[in-house]
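Visitor: Sending over a structure as structure tokens; questions will come in a sec.
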Amino acid sequence: MRSHPRKSKRPRSKAGFTLIEAMMGTVIFAIAGVGVLTGLLQARKMTEGSIYVATATTVAQGYIEQIKNMEFNLLDGSSIPELISQGQPDSLLVSPLAADVESGDANTDLVNTRSIDINNTPDNADDDLAINFVVYVEDITDDANGVGDARRIVLRWYYTDNTTGSDVHVGNTLYAIRSRIPTY
């Protein structure tokens, strides 16, 4: 008689993943990946917005510094002549003083728009940052109180940010005082 091999009554060990376990792991990994990707995209948008604000502020501060350092008599004209913007001669129109310089006056403000190639794509003007500047110069001379020839310079800047998919108004106002005798 021939003997048949004995079948073992021990349960088989599970050495691998079942198809369902593998699919569940893939789904969990995909959900986590989408969450991480969404967070990275949001962080990029926030960083881009910060870069735009920093650029607009820096350009506005540059204009203020140039205005403070020019000849005093040039502050009383209808434009601030020969500033430099991205290596090009530039001038800014001066608006009549608004009652509230923070919000301006849409009827009398003279808006100076400058496009800044923030993405370093000179052949694509569509992605440039268009910043609007409004300049006010106010004579604050007050001989009765001992204030000689002086001007208050107000520069308001703003742009529309749509990096988040909706238009958001971003802006700020910078102030400077310039006397006939320059102070550095």
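Visitor: Among bridges DSSP assigns within region 20-179, what percent are antiparallel (round to 5)?
Guide: Antiparallel bridges make up about 95 percent of those DSSP assigns within region 20-179.
Visitor: Report, in degrees rounded to the nearest 10, the 0 to 90 angle that the Cα long axis of helix 19-68 makes with the longest principal axis of the chain.
Guide: With both axes taken from Cα atoms, the answer is about 10 degrees.
Visitor: Now a separate question. Under a Cβ-Cβ cut-off of 11 Å, what is the net charge of the residues other than Ile118 that fall near it, where Lys and Arg count +1 and Asp and Glu count -1?
Guide: Here the charged neighbours net out to -4.
Visitor: Show me the ranking of peptides 89-98, 135-144 by mean Cβ neighbours inside 10 Å, starting with the highest.
Guide: Packing order, densest peptide first, comes out as 89-98, 135-144.
Visitor: Connecting C-alpha atoms closer than 10 Å in a GNM of the chain, tell me which of Gly16, Gly148, Gly104 has the biggest fluctuation.
Guide: Gly16
Visitor: Express in nm, to one decimal, how much length is gained between Asp127 and Ala22 on full extension, taking 0.36 nm for each residue of separation and deducting their alpha carbon distance.
Guide: 33.4 nm
Visitor: Filter the trypsin sites (Lys or Arg not before Pro) in region 93-184 to those in DSSP coil with at most 14 other Cβ atoms within 10 Å of their Cβ, and list the result.
Guide: Arg180
Bear in mind these aren't lab numbers, they're just calculated from the coordinates by the rules spelled out. Worth saying up front: this structure is predicted, and the values here are computed from it rather than measured. Cβ sites come from the backbone with ideal geometry, for glycine too, and all protein chains shown count toward neighbours.
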